(Lines give C-alpha, C1' and ligand atoms only; values in the text may rest on other atoms or scores of the structure.)
Protein backbone atom coordinates (compact mmCIF):
# COMPACT_ATOMS: atom_id res chain seq x y z
CA UNK A 1 0.00 0.00 0.00
CA UNK A 2 1.27 3.48 -0.86
CA UNK A 3 1.31 6.14 1.86
CA UNK A 4 -0.17 9.61 1.42
CA UNK A 5 3.24 11.37 1.40
CA UNK A 6 4.52 9.16 -1.46
CA UNK A 7 1.31 9.67 -3.42
CA UNK A 8 1.49 13.45 -3.01
CA UNK A 9 5.18 13.53 -4.05
CA UNK A 10 4.49 11.43 -7.13
CA UNK A 11 1.53 13.64 -8.05
CA UNK A 12 3.70 16.76 -7.75
CA UNK A 13 6.39 15.26 -9.98
CA UNK A 14 3.83 14.29 -12.62
CA UNK A 15 2.24 17.73 -12.50
CA UNK A 16 5.62 19.42 -13.06
CA UNK A 17 7.04 16.99 -15.61
CA UNK A 18 4.01 15.58 -17.44
CA UNK A 19 3.61 15.60 -21.23
CA UNK A 20 2.79 18.96 -22.80
CA UNK A 21 -0.47 17.60 -24.22
CA UNK A 22 -1.61 16.59 -20.75
CA UNK A 23 -0.64 20.02 -19.41
CA UNK A 24 -2.89 21.72 -21.93
CA UNK A 25 -5.75 19.37 -21.17
CA UNK A 26 -5.53 17.25 -24.33
CA UNK A 27 -5.07 13.57 -23.58
CA UNK A 28 -2.42 11.61 -25.40
CA UNK A 29 -3.64 8.93 -27.79
CA UNK A 30 -2.41 5.40 -28.22
CA UNK A 31 -3.25 2.47 -30.40
CA UNK A 32 -2.17 -1.15 -30.51
CA UNK A 33 -2.76 -2.99 -33.76
CA UNK A 34 -2.15 -6.48 -35.09
CA UNK A 35 -1.21 -6.79 -38.75
CA UNK A 36 -1.18 -10.18 -40.43
CA UNK A 37 1.24 -10.21 -43.37
CA UNK A 38 0.86 -12.32 -46.46
CA UNK A 39 2.62 -15.67 -45.84
CA UNK A 40 6.40 -15.25 -45.44
CA UNK A 41 6.23 -11.46 -46.12
CA UNK A 42 6.39 -10.21 -42.51
CA UNK A 43 9.96 -8.84 -42.72
CA UNK A 44 9.14 -6.99 -45.93
CA UNK A 45 6.02 -5.47 -44.37
CA UNK A 46 7.95 -4.49 -41.22
CA UNK A 47 10.52 -2.66 -43.35
CA UNK A 48 7.76 -0.68 -45.07
CA UNK A 49 6.14 0.22 -41.75
CA UNK A 50 9.47 1.42 -40.35
CA UNK A 51 10.35 3.67 -43.32
CA UNK A 52 10.09 7.36 -42.51
CA UNK A 53 8.58 6.93 -39.05
CA UNK A 54 10.80 9.68 -37.60
CA UNK A 55 8.96 12.41 -39.49
CA UNK A 56 5.48 12.10 -38.02
CA UNK A 57 4.68 15.29 -36.03
CA UNK A 58 3.17 14.49 -32.64
CA UNK A 59 4.34 10.87 -32.64
CA UNK A 60 5.86 10.08 -29.26
CA UNK A 61 6.45 6.38 -29.76
CA UNK A 62 5.98 4.01 -32.72
CA UNK A 63 7.07 0.41 -32.29
CA UNK A 64 6.77 -2.35 -34.87
CA UNK A 65 7.34 -5.76 -33.28
CA UNK A 66 7.24 -9.36 -34.44
CA UNK A 67 4.61 -11.55 -32.79
CA UNK A 68 6.56 -14.43 -31.26
CA UNK A 69 3.58 -16.80 -31.61
CA UNK A 70 2.85 -16.19 -35.31
CA UNK A 71 5.57 -15.89 -37.96
CA UNK A 72 3.36 -13.76 -40.21
CA UNK A 73 2.09 -11.25 -37.62
CA UNK A 74 3.33 -7.83 -36.51
CA UNK A 75 2.18 -5.85 -33.49
CA UNK A 76 2.30 -2.05 -33.83
CA UNK A 77 2.18 0.08 -30.71
CA UNK A 78 1.77 3.85 -31.11
CA UNK A 79 1.68 6.81 -28.71
CA UNK A 80 0.78 10.31 -29.89
CA UNK A 81 0.52 13.69 -28.24
CA UNK A 82 -3.17 13.72 -29.31
CA UNK A 83 -5.71 11.84 -31.42
CA UNK A 84 -5.67 14.79 -33.80
CA UNK A 85 -1.93 14.34 -34.47
CA UNK A 86 -2.52 10.63 -35.18
CA UNK A 87 -5.38 11.37 -37.57
CA UNK A 88 -3.42 14.11 -39.35
CA UNK A 89 -0.42 11.78 -39.76
CA UNK A 90 -2.53 9.51 -41.96
CA UNK A 91 -2.73 12.37 -44.51
CA UNK A 92 1.05 12.86 -44.77
CA UNK A 93 2.47 11.99 -48.23
CA UNK A 94 5.12 9.67 -46.72
CA UNK A 95 2.47 7.80 -44.72
CA UNK A 96 0.16 7.56 -47.74
CA UNK A 97 3.07 6.18 -49.81
CA UNK A 98 3.91 3.62 -47.11
CA UNK A 99 0.26 2.56 -46.93
CA UNK A 100 0.11 2.09 -50.70
CA UNK A 101 3.40 0.15 -50.72
CA UNK A 102 2.42 -2.02 -47.75
CA UNK A 103 -1.20 -2.76 -48.67
CA UNK A 104 -0.37 -5.72 -50.99
CA UNK A 105 1.69 -7.28 -48.18
CA UNK A 106 -1.20 -7.22 -45.66
CA UNK A 107 -3.48 -10.21 -45.22
CA UNK A 108 -5.43 -8.69 -42.33
CA UNK A 109 -5.50 -6.02 -39.64
CA UNK A 110 -7.31 -5.58 -36.38
CA UNK A 111 -7.16 -2.86 -33.78
CA UNK A 112 -6.43 -4.52 -30.45
CA UNK A 113 -6.99 -1.37 -28.39
CA UNK A 114 -7.12 2.40 -28.36
CA UNK A 115 -5.51 3.83 -25.25
CA UNK A 116 -4.74 7.03 -23.37
CA UNK A 117 -1.03 6.76 -22.58
CA UNK A 118 -0.12 8.10 -19.16
CA UNK A 119 3.68 7.91 -19.47
CA UNK A 120 6.41 5.37 -19.15
CA UNK A 121 9.93 4.45 -20.15
CA UNK A 122 10.82 5.55 -23.65
CA UNK A 123 7.76 7.75 -24.04
CA UNK A 124 8.95 11.09 -25.36
CA UNK A 125 7.59 14.28 -23.88
CA UNK A 126 5.42 16.38 -26.16
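Any chance you could count how many residues in the stretch 29-62 are on the phi < 0 side of the Ramachandran plot, modelled with pLDDT under 95 and touching a strand residue (DSSP E or B) at 6+ places or on another chain (Cβ under 8 Å)?
8
State yes or no: is residue 11 modelled with pLDDT of 50 or more and farther than 21 Å from residue 97 by Cα? Reasoning before the result, please.
Values: modelled with pLDDT of 50 or more: no; farther than 21 Å from residue 97 by Cα: yes.
In short, no.
Which of (1) over 21 Å from the mean Cα position of the chain (by Cα); (2) assigned to a loop (DSSP other than H, G, I, E, B); (3) surrounded by 10 or more Cβ atoms within 10 Å (Cβ to Cβ); (4) modelled with pLDDT under 90 does residue 2 not meet, given it meets every other one?
Only one criterion is unmet by residue 2, namely (3).
When the residues of the stretch 82-99 are narrowed to those that are modelled with pLDDT of 95 or more and surrounded by fewer than 15 Cβ atoms within 10 Å (Cβ to Cβ), which ends up nearest to residue 25 (Cα to Cα)?
Per the criteria, the residue is 84.
For the stretch 100-124, give me each residue that is surrounded by fewer than 11 Cβ atoms within 10 Å (Cβ to Cβ), touching a residue at least 12 places away in the same chain (Cβ under 8 Å) and part of a loop (DSSP other than H, G, I, E, B).
Those that are surrounded by fewer than 11 Cβ atoms within 10 Å (Cβ to Cβ), touching a residue at least 12 places away in the same chain (Cβ under 8 Å) and part of a loop (DSSP other than H, G, I, E, B): 122, 124.
Which one is surrounded by the most Cβ atoms within 10 Å (Cβ to Cβ), of the residues in the stretch 57-81 that are over 11 Å from the mean Cα position of the chain (by Cα) and outside any strand (DSSP E or B)? Before you say what the answer is, go through the steps one by one.
The initial filter retains those residues of the stretch 57-81 that are over 11 Å from the mean Cα position of the chain (by Cα), namely 57, 65-74.
Checking the rest, the ones that are also outside any strand (DSSP E or B) come to 57, 67-72.
Working: 57: 10, 67: 14, 68: 8, 69: 6, 70: 13, 71: 12, 72: 17.
Per the stated criteria, the residue is 72.
The values are calculated or read from the model by the stated rules, or taken from the named source; none is laboratory data. Just so you know, these numbers come straight off a predicted model, no measurement behind them. For neighbour counting, all protein chains shown are included, and Cβ atoms are generated from backbone atoms with ideal geometry for every residue, glycine included.
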